[in-house]
Amino acid sequence: MKLHRFIGYYDVFAPELDITDQAVVHQINNVLRLKEGQKILLCDGKGREAEASILSLDKKQIYVSLERVTDLQNEPEREIVLYCSIIKKELFDLVVQKATEVGAKQIIPLLSARTVKQDVKLDRLRQIAKEAAEQSGRGVLPMIYEPMKWSTAMDHSKDNLVNLFFHTMEKGDGIPQGFKKKIGVWIGPEGGWDEEEVDEAKKANFLMAELGPLVLRAETAAIIASYLCVHGQVKNPSV
């Protein structure tokens, strides 16, 4: 029987815990309709999880005993940092959900020159990422940043081992093999990158990358690029 997973700031080494997060309490009581004696999995967000038995529950709290702690082994080796230009609300929600599912470690809503939508609801995005991480069996929640201006994002990207700049207007180099550390994945808005941004990316030694000859929507490109970079699948193995 599948055990439902919950990620939070849980002390998985404690013998017993009192869960008071109302979203989790609601999920257990009203959505899953779990009962005393049934089990769940609690993850501390740092790659460790414990099997927990429900001792008692009411509308305000769930009291559990923790029985076994294990280290999750399914987090990707590559640390993918997704810089995605902000797009329409439901589409950016989709990007956050799917990028989390495929293993992105950081997601940065980017304010590029041609970005039309300027704001996001961070609480909503973080909840979407949390639910996606729980569903996909991840042990770490991705970091969701405040919207970041282009210049700030460029400074942030200096910590990455390599930055892949996905751009449909030029021949790309594919996705390099062998990188197991931080990889920046850059996805432009619906209207594409501004020429000055392309020039600045080249001057910063970003690698021009592509996802094939077809022009993809921004949300499609973000999800596919994140997946390919997490799993090291390349277009040009010689790069």
Quick one: which residues, 5 or more positions from Arg114 or on another chain, have an amide H under 5 Å from its amide H? H modelled 1.01 Å from N in the peptide plane, none for Pro or chain starts. Asp194
Check every DSSP H run in the chain and write down those whose alpha carbon atoms cover 15 angstrom or more along the long axis and whose mean Kyte-Doolittle hydropathy is 0.0 or greater. 89-102, 218-231
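Test of understanding: ordering Glu51, Glu146 by Cβ neighbours within 10 Å, fewest first, what list do you get? Mind dumping the intermediate values first?
Working: Glu51 17, Glu146 9.
In increasing order of surrounding Cβ atoms, one gets Glu146, Glu51.
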List residues of the stretch 183-203, by number, whose backbone nitrogen lies under 17 Å from a label position 7 Å along Cα→C-beta of Lys158. 184, 200-203
What is the antiparallel percent of DSSP beta bridges lying wholly in the chain, to the nearest 5? 40 percent
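Would you list Arg114, Arg5 from fewest to most Cβ contacts within 10 Å?
Numbers: Arg114 13, Arg5 18.
Neighbour counts put them in this order, fewest first: Arg114, Arg5.
In the stretch 25-66, what trypsin sites (Lys or Arg not before Pro) fall in a loop by DSSP, with at most 12 other Cβ atoms inside 10 Å?
Details: sites: Arg33, Lys35, Lys39, Lys46, Arg48, Lys59, Lys60; in loops: Arg33, Lys35, Lys46, Lys59, Lys60.
Qualifying residues, ordered by number: Arg33, Lys35, Lys59, Lys60.
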Where the convex hull is taken over the Cα atoms of the chain, what is its projected area averaged over directions, in nm²? 13.8 nm²
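Take every DSSP beta bridge with both residues inside the stretch 33-161 and express the antiparallel ones as a percent of the total, to the nearest 5. Please list the in-between numbers first.
Details: 14 of 23 bridges.
Restricted to the stretch 33-161, the bridges split so that about 60 percent are antiparallel.
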From phi via Karplus (6.51, -1.76, 1.60), per-residue ³J(HN,Hα) for the stretch 18-31 in Hz, x at Gly/Pro: 10, 8, 10, 4, 5, 5, 5, 4, 4, 4, 5, 6, 9, 9
Tell me which residues come under 5 Å, amide H to amide H, from Phe166 once H is placed; ignore anything under 5 positions away on its chain. Trp186, Ala209
Final fewest-first order of Met154, Met143 on the 10 Å Cβ neighbour count is Met143, Met154
Projected label distance in nm at Lys2 and Ala23, using a 7 Å step from Cα toward the beta-carbon: 2.0 nm
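Values quoted throughout were computed directly from the atomic coordinates according to the rules given, and no laboratory measurement underlies them. On a predicted model such as this, the values are computed, not experimentally measured, just so you know. Ideal geometry is used to build each Cβ from the backbone, glycine not excepted, and the neighbour counts take in all protein chains shown.
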